[in-house]
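The values are calculated or read from the model by the stated rules, or taken from the named source; none is laboratory data. None of the values given here were measured: they were computed from a predicted structure. Cβ: placed from backbone, ideal geometry, glycine included. Neighbour counts: every protein chain shown. The area values use the complete protein model at the heavy-atom level, side chains included, leaving out ligands, DNA and RNA. Shrake-Rupley method; radii C 1.70, N 1.55, O 1.52, S 1.80 Å.
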Amino acid sequence: MTAQLLLGPLLRHVGETTATVWVETDSSCEVDVLGSTARTFEVYGHHYALVVVHGLRPGASTPYEVRLDGELVWPEPGSALPACRIRTLGAGTFRLVFGSCRRPGHERGIGSDALIAYARRMAEFDESEWPEALLLLGDQVYADEPTAEAKEWLATRRDLRRPPGAEVTDFDEYAHLYYESWTEPLLRWLLSTVPTSMIFDDHDVRDDWNTSRAWREQMSKKPWWPERIRDALVSYWVYQHLGNLGPDELADDEVFKAVTGHDGDAAPLLREFAQRADADSTSVRWSYRRDFGRIRLLMIDTRAGRMLEPGDRSMVDDDEFTWIEDNAEGEIDHLLLGSSLPWLLPHSISDGESINERACDEPGLRGRWAEMLRQVLDMEHWAAFRRSFDRLARLIRRVASRRDAPASVTVLSGDVHHHYAAEATFGEPVRSRVHQLTCSPVHNEAPAYIAWGFRIAWWRPLAAVMRRWARRVGVAPADVDWQRVWGPHLPNAVATVEIDGRESRAIYERAEGDELVTAARLPLTTPPDR
Ligand SMILES: [Fe+2]
C-alpha cells in the first residue's frame, strides 16, 4: 500500500534559489519535490515532512509535483486549478496578502470566506498578478470554539459534558482542526502556490492565552490544561512554526534536527520542548524574520513569549526584544512588522488599557476588578504592556529617522474582528511613513456593535477624557501620536501591501458572496515628486 497525502502541500519559505514544502501523509515515506527529498518524521502516529527544495533559479516560476515513495500524489488528477508552482523572487511588483481569524466551513451568520474568494479570483488571473507572500496573523484554528462539525467529531471521542467540553484537548484533536481548516480545494491550492508565513494568536491555544499571571494561575488549576497547552505548542510547531523558518535556520535548529533525526515517534521530544517553552518563555523564540529582497518582514510573537510579572510586564522577553531591534536594522526599502495584536488602537482604548495595566498591580479589590476587566474586555494589546508599547515606538522611530530610512514602516495586525488603518507621527518629522494596518476577520463573526464601539472609541473628545485620566494615574504620554486614516469596517476581508520599489500602498478587499470588492486603496509612502 503506497502512502497517501493527507494535507498540503503547503509552500512555506521561498528564497532566491530554495523553497520549503510541508506535507502530512498517512504513513512513513520519502517525499519528493522537484528532485529534492525528505523522509517523513512521526509525531503521535502522524507523519510529516518539510522538503527543502534546492537549485531553483532566481526570478523563475517552476511548476512542481509531489511524489510519495516515487508515486505522484499532487496535483490531484483532474484538478481544474492552475498548476501549483514555486515562484522565486524577481523584479517587479511585490504583493503581500494578510489577514487573521479564519473559521472553516459555512456557518450561519459569518458571511463568506475572504481568503477563499481571494483564491478563486487568483486562479483566474495571470500569475504576474499573483501575490508573492501570504501572512496569516493568528487564529488559524479555534481550539476553544470548534465548528459544529468538529464538535460532532469530538463527541465520538469522549464525553463532552466533562471538562473541557467542546474544546480540543490533545494533538490528534488539533490535527483534526488543521485538516478541517486547510482542505477546502481553493484554499489548499492557494497554500500550495503562495509562500505563507504564520503566527499564532490566542484562539490557536485558548481565548485570552497568557493575558496575565493570574490567568495562567487560573488555568494551571484545571486538570486538562497541562496536556492542552503542551499539545497546542507541539501542533503549532509542526503545522505552523516549522514552515516559518528558512533552510539555513532549519539547518541550525536543534529541535528540527532532533525530530528529523529521531528513529520512531518524536512526540516525547516535542512534548519536552513544548513544556519547556510554556514554563520558560525565554527558552524559545517564536518571532522570526523573512526578507524579500529589500523588503523585510519581522514577525513578533505577542502571545507565547510574554513576561507577566505584575509591575514588569513585557510582550516578549528582553533578549527577544533585542533580537527584534537588531533585525530591524539593515539596508531595506520597507519594513513590515507582523504582530497578531494591533500596536495602535483607538486612543481611548489604548489609554484605557494602560490605565488598566496599572490598576491590575494594585492590591485588594481594585486590583482584582482590574484583572477581571483585563480578561473580560481583552485589555491585552500593546498598550496593556506599556513598556513594550513604548519600546516598539522607539524602535520604529529610530528606524524611521535613519539617514537610510526605509520608505515605509508598517505594522500588520489582526485579532480585533474589524479593519482599519492609522498613520503614526512622532514629535519631530521622520523619514519613513509609519502605519498601522489591521485586517480581521478573514472569515468570522463581526457583530455590528464592534464597529460602533470602535467608531466611538476613535472619537477625539473621548480620547481627551481618557488621556486626562491616564495622566492622573501616572501613565506617561506616549512618544508617538496617530490618526485614523480609514475604517473601522466590519465584513470579512483580506488586505494587500503592494510595493513597487520605494512606493507602497495598502488595498483592503471585502468578501461579497463569492467576489472580492475593493474597499480602500491607501498610499503608504509619499509619492516621489514628478
Ligand atoms: Fe479571532
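Suppose every K and R has +1 on its Cβ and every D and E has -1 on its Cβ; what is the size of the dipole of the chain about the Cα centre, in Debye to the nearest 20?
2020
Counting only heavy atoms of the protein chains, get the accessible area per residue of the chain (1.4 Å probe) and round it to a whole Å² value.
Solvent-accessible surface per residue comes out at 40 Å².
Could you state, as a whole-number percent, how many of the C-alpha pairs of segment 58-185 are farther apart than 18 Å?
66
Just want to confirm a number: the relative contact order over the chain, from Cα pairs under 8 angstrom separated by 6+ residues, in percent. Before the final figure, lay out each step's value.
Details: 1142 pairs, mean separation 82.3, N = 530.
Relative contact order, the chain: 16 percent.
Answer with one residue from Pro63, Ile229, Trp482: the one whose Cα lies farthest towards the positive end of the charge dipole of the chain, charges on Cβ with Lys, Arg +1 and Asp, Glu -1.
Value: Trp482.
Taking all pairs of different Cα atoms in segment 455-515, averaging 1/r and flipping that mean, what Kirkwood radius in angstroms comes out? All intermediate terms of the calculation are to be shown ahead of the outcome.
Working: mean 1/r = 0.0658 Å⁻¹.
About 15.2 Å for segment 455-515.
What list of ³J(HN,Hα) couplings, whole Hz, do you get for segment 345-354 from phi and the Karplus terms 6.51, -1.76, 1.60, once you set θ to phi - 60° and write x for glycine and proline?
10, x, 3, 5, 6, 4, 5, x, 5, 5
At q = 0.25, 0.26, 0.27 Å⁻¹, what log₁₀ I(q)/I(0) does a Debye calculation on the Cα points of segment 1-62 give, no solvent, two decimals?
After summing over all Cα pairs, the log10 values are -1.00, -1.05, -1.11.
What are the principal axis extents of the Cα atoms in the chain, in Å, biggest first?
Extents along the principal axes, in whole Å: 71, 66, 44.
Given the Cα atoms of segment 338-377, and with Rh set as the inverse mean 1/r over their pairs in the Kirkwood sense, what is Rg to Rh to two decimals? Don't jump to the answer; show the numbers that get you there.
Values: Rg = 11.4 Å, Rh = 10.9 Å.
My calculation of the ratio gives 1.05.
When you have a sec, figure out the Kirkwood radius of segment 281-336 from all distinct Cα pair distances and drop it here in Å to one decimal?
12.1
Dipole size in debye (nearest 20) for segment 1-101 around its Cα centre, Lys and Arg Cβ +1, Asp and Glu Cβ -1?
560
Given the options Ser27, Gly99, Thr37, identify the residue whose Cα lies farthest towards the positive end of the charge dipole of segment 1-129 (+1 on Cβ of Lys, Arg; -1 on Cβ of Asp, Glu).
It is Gly99, whose Cα lies furthest towards the positive end.
Return the Cα extents of segment 62-104 along principal axes one, two and three, sorted largest first, each rounded to a whole Å.
Rounded to whole Å, the extents work out to 35, 34, 22 Å.
If you roll a 1.4 angstrom probe over the protein chains with everything in place, what fraction of the accessible area of the chain belongs to carbon and sulfur, to the nearest %?
After summing per-atom areas, the C and S share lands at 50 percent.
How large is the Kirkwood hydrodynamic radius of segment 147-281, in angstrom, based on all distinct alpha carbon pairs?
One over the average 1/r among Cα pairs gives 16.6 Å for segment 147-281.
For segment 386-476, take the convex hull of the Cα atoms, compute a quarter of its surface area, and give me that in nm², please. Please report the intermediate quantities before stating the final value.
Details: hull surface 29.4 nm².
For segment 386-476, the mean projected area of the Cα convex hull comes to 7.4 nm².
Taking every Cα atom in segment 211-346, find the radius of gyration and the maximum pairwise distance Dmax, and write them in Å.
Cα only, segment 211-346: 16.5, 52 Å (Rg, Dmax).
Tell me, rounded to the nearest percent, the portion of alpha carbon pairs in segment 303-434 spaced more than 19 Å apart.
The proportion of pairs with Cα distances above 19 Å equals 53 percent.
What number, rounded to the nearest 500 deg cm²/dmol, is the helix-based mean residue ellipticity at 222 nm of the chain, given -39500 (n - 2.57) per DSSP H run of at least four residues and division by all its residues?
Helix contribution divided over all residues of the chain: -9000 deg cm²/dmol.
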